[in-house]
Amino acid sequence: MGPAQWEWIATARLLSRQRPSVGAVEQVIDGLLSGADEAMVNAFTTGFRVTQVQTAIGKVLSDSAAVAAALESAQVVALGILVREQMDPAQFAALYRPFATVLPGPGYRPPGPIDQQIAAFLRRLPTLKGEVEAEVSVVAKSLSEKPKPAGPRAAGAGMPAVGVAAGLDPAANYTAAWKQAIASANQTARTQAFRAMQDSAEQAAPHDGTGIVGFAGVAAGAIFMRDVLPIEKVLLLYEPFASAFPYESLA
């Protein structure tokens, strides 16, 4: 995988720390690892294998904190694979999501046609509520603000904690990706339809003060332009909603 893929994986890992649902799944892994082969757990968390992966990531990412976040993401997925047979498929899918589209895993479903994806997204938006909607709001907010230094989250067995990556700015990358989407719509003479997709999503999103309306429009615009945008940009623009409605499930 190249720089764009690893940067996306690192970004997804940073944003996953805003999601209580991800933390809950990682706690499940913690419990399962206590009964796993200790040598296998150690192979994924320390020693030569980890050094190999870290070196490989370091060849394509220059920022050390981004490398650490990407490595952590890979370790969590590796540990999930180790105990996958004991996990609910949805739990494993939640862990594997940062890799799902750029490195398809077990049970991967290619995304449906663009019009079907957008229709599914619009259909599901009004159903957002409670903790799921709150999680969408938190991730959306993190993509609209500059990252703030924070202490590492408590890590479980074999899951190293990493602070906010100083050299990786998800909010800036999100803004840049959106500008690229707008430019691509203009260049392909699809601006009017692009705006219509945005408007439809903004109307469908809950207008209850959670601040996700504009982000819904961005996500719909990204799906609409997915044929001309790098998939990493599409995934980033869709990210606030990815846990509630996984991108690959939109069909």
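The values are calculated or read from the model by the stated rules, or taken from the named source; none is laboratory data. The structure displayed is predicted, hence computed values, not measured ones. Note that each Cβ is placed from the backbone with ideal geometry, even for glycine, and that neighbours are counted across all protein chains shown. Surface areas here come from the heavy atoms of the whole protein model, side chains and all, with no ligands, DNA or RNA. Shrake-Rupley method; radii C 1.70, N 1.55, O 1.52, S 1.80 Å.
Among the chymotrypsin sites (Phe, Trp or Tyr not before Pro) in region 65-145, those located in a DSSP loop and surrounded by at most 14 other Cβ atoms within 10 Å of their own Cβ are Y108. Placing +1 on the Cβ of every Lys and Arg and -1 on the Cβ of every Asp and Glu, with no other charges, gives the chain a dipole of roughly 440 debye about its Cα centre. Helix 89-100 axis versus longest C-alpha principal axis of the chain: approximately 80°, rounded to the nearest ten.
Go ahead and set up a Gaussian network model of the chain, Cα springs under 10 Å, then flag whichever of G105, G221, G58 fluctuates most. The residue with the greatest mean-square fluctuation here is G105. Loop-resident GluC sites (Glu not before Pro) (DSSP state other than H, G, I, E or B) in region 172-251 with no more than 11 further Cβ atoms inside 10 Å of their Cβ are absent. Candidates L71, F215, P110 compared by Cα position along the dipole of the chain: farthest toward the positive end lies F215, with charges placed on Cβ. Counting other Cβ atoms within 10 Å, which trypsin sites (Lys or Arg not before Pro) in region 1-65 have at most 12 and lie in a DSSP loop? Answer by residue number: K59.
Based on the reciprocal of the average 1/r between different C-alpha atoms, the Kirkwood radius for the chain equals 18.7 Å.
In straight-distance terms, cross-link reach from K141 covers every one of the lysines whose alpha-carbon lies under 17 Å from its own, apart from those fewer than eight places away in the same chain; here that gives K129. Principal semi-axes of the equivalent ellipsoid, √(5λ) from the alpha carbon gyration tensor of region 1-51, are 23, 19, 6 Å from largest down.
Among V50, V77, V136, the largest mean-square fluctuation in a Gaussian network model of the chain (Cα springs under 10 Å) belongs to V50.
Under a model in which nothing but the beta-carbon of Lys, Arg (+1) and Asp, Glu (-1) is charged, region 1-57 shows a dipole of about 220 debye around its Cα centre. Separation of region 107-143 from region 10-46 is 24 Å, based on Cα centroids.
A viscosity of 0.890 mPa s and a temperature of 25 °C, combined with the Kirkwood radius over C-alpha pairs in the Stokes-Einstein formula, give region 1-98 a diffusion coefficient of 177 µm²/s. Taking 0.36 nm per residue of separation and subtracting the current Cα-Cα distance, fully stretching the chain between Q54 and E145 would add 29.9 nm. Kirkwood radius and radius of gyration were both taken over the C-alpha atoms of region 163-251, and their ratio Rg/Rh is 0.98.
Helix content alone sets the calculated 222 nm mean residue ellipticity of the chain: runs of n ≥ 4 DSSP H residues at -39500 (n - 2.57) each, divided across all residues, give -20000 deg cm²/dmol. Heavy-atom accessible area, probed at 1.4 angstrom with all protein chains present, ranks M197, M1, M87 as M1, M197, M87, highest first.
Taking the C-alpha atoms only, the angle from helix 213-224 to the longest principal axis of the chain is near 90 degrees. Mean separation of Cα pairs under 8 Å and 6+ residues apart, divided by the residue count of the chain: what relative contact order is that in percent? Reported relative contact order: 26 percent.
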